[in-house]
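Novice: The structure's right below; bear with me while I get my questions together.
No value in this document is a laboratory result; all are computed from the given coordinates. All values derive from a computational prediction rather than experimental measurement. Note that each Cβ is placed from the backbone with ideal geometry, even for glycine, and that neighbours are counted across all protein chains shown.
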Amino acid sequence: MGKESRGYAARRRNRGSGQQQHTNGGGDSIRTPDSNAATREGKKTSGSRMLGSRRQRAKSRDSVSSSAAAAAAGDGKTLSTAMKVGGSISTAVAVALASMGIARYSRLTDTSSKHIDLDDLISKQPHGVEQQGALQSKTMQQPLELLIKQDDGWDRTSAKLIATDAYLRDFVCNHPTGGAYCHRNLHPVPRRRTHRIIDSALQSGETVMVLPRELQIWDLDALRDAFVREQLLEARHGGTGNALDGGAFLAAYLVRRQMIARGEWKVGTEAAGAVGTASESESVKDSDPLTDYMDMLPTYSDLAEYHPTLWPQSYLLDQLGRYTPAFMTVTAFRDMIASEYSALVRASDVFGANVSREEYTAARINVMSRSFGTGPPGGEEEIMDPYGELGNELTYYKARAGVDLTLGCRAMSPILDTWDSHPNPNAEWRYDAKKRAFVIRAASNSGIPLGHDVIVSYGKYSDSFLFAKFGYVNGDGTSHTEAYINANHRLLDAGLMQQFSYLSWSGVYNVESNPGGRDPMQAQRKEILRYLTFDDGYDQCIMPDDSDHDEKWALKSLKFRHLQVIANLRDRWVMQIAPRNRNEGPGFSSSILITHKAPTFDIGNMKFDASKIVSTCRLLTLTNDDYEGQALSVLEEVLANNTAESFLVERQSDALEFRAASCVFRLVDMMLWRYPSTVKKDMDLLSSAPHDTLEGVPRPLLFGGKEWTAAHVRLGEMQSLEVLGGSMKAHARRLKEAITSKDGIGSVALTVRRKPCSMEHTLPLLDYSGG
């Protein structure tokens, strides 16, 4: 590959998505976009076909405001106040975080030990805030004029770039249909496969482009295809028996349509896998008005250059660590695609004979990363002959395929899918059902400045989810982050909503049809036992055969039953944190790194709600003395009423609150040990200048490359964990000081073990019929 875009070997990352918040949904769930954070599933891609670069920015803020630090003395806010929804953490917590090195995110834990020590850790000193590199890269110093000169100086002898230029100029802008439109100031940039604004800025609300329905490919189109209807609609995931997501049928339809356009789709006995003569089988070829678009879609080899679902497993582990959030989300997408392909092949021998696993995988990633949400189809999509009344048609798809298009459709969207994304875009898109077209306008709050690329929004995602699904991050802290505390088990709800789950929606799991031959629920029961091995709040480990421990063991068994209910409720194990730099806008081009600084949290102005994960740790550390000695009865009643899913353990006593905060911190510590790096190392790595070659100074990462992207992903995850862990530690310390100053409070209630009790004491819980 030649040097294009940034002077680096071009690696296209696929463009964004149409989902809303990852916490509220992931994968290809369908949403109706709003004007500022339109939900889409499309992004520019990579490699030799998809030339160019994604915007990567790293604008940062100072971590701790001096005003918050100055006001901190004596602040005694409780956790329920400090961690309220939409509120900020208390100034006391901010100071505690700063005192631990959170200002520049030093590692919370002592690297010589994997066990919690609240008293020791509280004395850790911060790393100096001036340790970040101070030199900008040459790329950052390139002015807009130089970039424009490079864009306009593309190689006009390159057949690939000539074809890309023609596609960007003509496919929509000069399409013969009367419904297509492009603003006259929209200028193609084939070198980076996007458009920029020339001549004059676009004012707020000006129409940038209109993409008509006839240039789109919907999942509704896929379900209407005769082959899909006859052979694929009853495909189901192995093991769970769950229905395939509509995106799977769109991918199958897309790859089949591509093969027909190339004359590669075979029908007859040969396609069905039997031995036949030439007269018994033939290749189908038909002209397709969207061939030029489909030819621009990345191939498997293109995607393998950057998309993490195609990274070697060993490399993924080296970059992310085992069982970290991004690692598990990548794994879920990978398992989803593999399971879908197997299901489609089981449903149709013809599909299996024509479509290889690699071909389907490429099509599925393209659907994941390049389709946009249109909202539910309306009467304008009704075709009475042959499909009948639209409502009945949609009911048929839901009944036979398990796909509910009343929740919304997705559409492959030429040109729109080539524009880069930012949470604060300069262009806004919406599907207009009356016009039967996507209408893209200059942002209502900014317009599009002269010389700038067109930047849209793919929705609100965490950096980890952006990376797992699309293979990129912005690198400027404008996406939210998440802290996970499921240190001992894998969440079988992978966060992909209806698209894919390791859980059976029917409640019945078929081990025989599962490729792994295991029931994941049974394996998970053993995993979650580990949370109950610490026996916090008791002076001795609880023994199952000790008569003195009968009531304690009974409570422990009830906690185990509760854990099985909430083990896959994501809000009990995952906490979302507001973006580190929410107000930052996009640069003039995604190919320019605006700043060398890695994003950090503004500790004095953070917002997160830890109430539900604290409730989880209250359950784990509950003792028989809690609920005024009625803890056993309370848990029994909740289980008897089948309300365990909605049940939250509320604050009871300062002692329970201390144990819960310590429990959260312990789980955070366990999670941090999964990473192959530390916050400090990655801050230094992402902030190092290109010519830093001194011994001990990490070499800089290629802007937008695999390692640069992975470093930003794990940095955000580790920063989030350290913020959560630091706030819990500070809260636990205040509680301990308050409790020990009172008379009559025994030390047993404050027991928080550094090491677990023997697993042999807890394993018998698996044999209890109630478990």
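Novice: Calculate the translational D of the stretch 585-733 in whole µm² s⁻¹ from Stokes-Einstein, where the hydrodynamic radius comes from the Kirkwood formula applied to all Cα pairs, the temperature is 25 °C and the viscosity 0.890 mPa s.
Specialist: Answer from the Stokes-Einstein relation: 132 µm²/s.
Novice: Which value, in Å³ per residue, describes the convex hull spanned by the Cα atoms of the stretch 519-581?
Specialist: Residue-normalised Cα hull volume stands at 124 Å³.
Novice: Related question: Estimate the FRET efficiency between D548 and N605 by the formula 1/(1 + (r/R0)^6), using the beta-carbon distance for r and 60 Å for R0, to the nearest 0.05.
Specialist: My answer for the efficiency is 0.75.
Novice: Using all C-alpha to C-alpha distances in the stretch 399-552, build P(r) with 10 Å bins and read off the rounded percent in each one.
Specialist: Result returned by the calculation: 7, 21, 24, 20, 14, 8, 4, 1.
Novice: Return the distance in nm (one decimal) between the two label points of a simple spin-label model at R262 and D225, each offset 7 Å from Cα along Cα→Cβ.
Specialist: Between R262 and D225, the simple spin-label model gives 1.4 nm.
Novice: Packing-wise, with mean Cβ within 10 Å as the measure, how do 290-299, 581-590, 418-427 rank, highest first?
Specialist: For the peptides 290-299, 581-590, 418-427, the packing ranking is 418-427, 581-590, 290-299.
Novice: Considering the dipole of the stretch 189-245 built from charges on the beta carbon (Lys and Arg +1, Asp and Glu -1) around the Cα centre, which of G239, Q203, A226 is farthest to its positive end?
Specialist: Positive-end residue among those listed: Q203.
Novice: Also, I was wondering about something else. Compute the Rg/Rh shape ratio of the stretch 548-662: radius of gyration over Kirkwood radius, all on alpha-carbon atoms.
Specialist: Numbers: Rg = 20.5 Å, Rh = 17.0 Å.
Ratio of gyration radius to Kirkwood radius: 1.20.
Novice: Taking the simple approach of a point 7 Å from Cα along Cα-to-Cβ for both R357 and N510, what is their distance in nm?
Specialist: Here the answer is 2.1 nm between the modelled labels.
Novice: Follow-up. Between Q522 and A433, how many nm apart are label points set 7 Å from Cα along the C-beta direction?
Specialist: 4.8 nm
Novice: Sticking with this one: Could you work out the mean projected area of the convex hull around the alpha carbons of the stretch 393-440, in square nanometres to one decimal? Mind dumping the intermediate values first?
Specialist: Working: hull surface 19.3 nm².
With every direction weighted equally, the projected area is 4.8 nm².
Novice: If packing is taken as the average number of other Cβ atoms within 10 Å across a peptide's residues, how do 524-534, 706-716 rank, most packed first?
Specialist: Working: 524-534: 19.2, 706-716: 24.8.
Per-residue Cβ counts within 10 Å, averaged per peptide and sorted highest first, yield 706-716, 524-534.
Novice: At q = 0.32 Å⁻¹, what is the log10 ratio I(q)/I(0) for the stretch 549-590, with the Debye formula run over Cα points and no solvent?
Specialist: -1.03
Novice: Among the listed pairs K612/K729; K526/K612; K469/K706; K435/K460, which have their C-alpha atoms separated by more than 19 angstrom in this model?
Specialist: K526/K612; K435/K460
Novice: Something else: Direction-averaged shadow area of the convex hull around the Cα atoms of the stretch 304-391, nm²?
Specialist: Working: hull surface 34.6 nm².
Its average projected convex-hull area is 8.6 nm².
Novice: Enter the Cα centre distance for the pair the stretch 636-679 and the stretch 537-582, rounded to the nearest angstrom.
Specialist: 7 Å
Novice: Same structure again: For the stretch 171-213, I need the span (max minus min coordinate) of the C-alpha atoms along each principal axis, in Å, sorted largest to smallest.
Specialist: So the three principal-axis extents are 27, 26, 14 Å.
Novice: Equivalent-ellipsoid semi-axes (√(5λ), Cα gyration tensor) for the stretch 340-484, whole Å, largest first?
Specialist: 32, 23, 14
Novice: Still on this structure, I have one more. Can you order the peptides 666-677, 162-173 by their average number of other Cβ atoms within 10 Å per residue, highest first?
Specialist: Output ranking for 666-677, 162-173: 666-677, 162-173.
Novice: If the viscosity is 1.567 mPa s and the temperature 4 °C, what translational diffusion coefficient in µm²/s does Stokes-Einstein give for the stretch 192-273 when Rh comes from Kirkwood over Cα pairs?
Specialist: It comes out at roughly 79 µm²/s.
Novice: Give me the tail of P(r) for the stretch 498-613 as a percent: Cα-Cα pairs with distance above 23 Å.
Specialist: More than 23 Å apart: 60 percent of the Cα pairs in the stretch 498-613.
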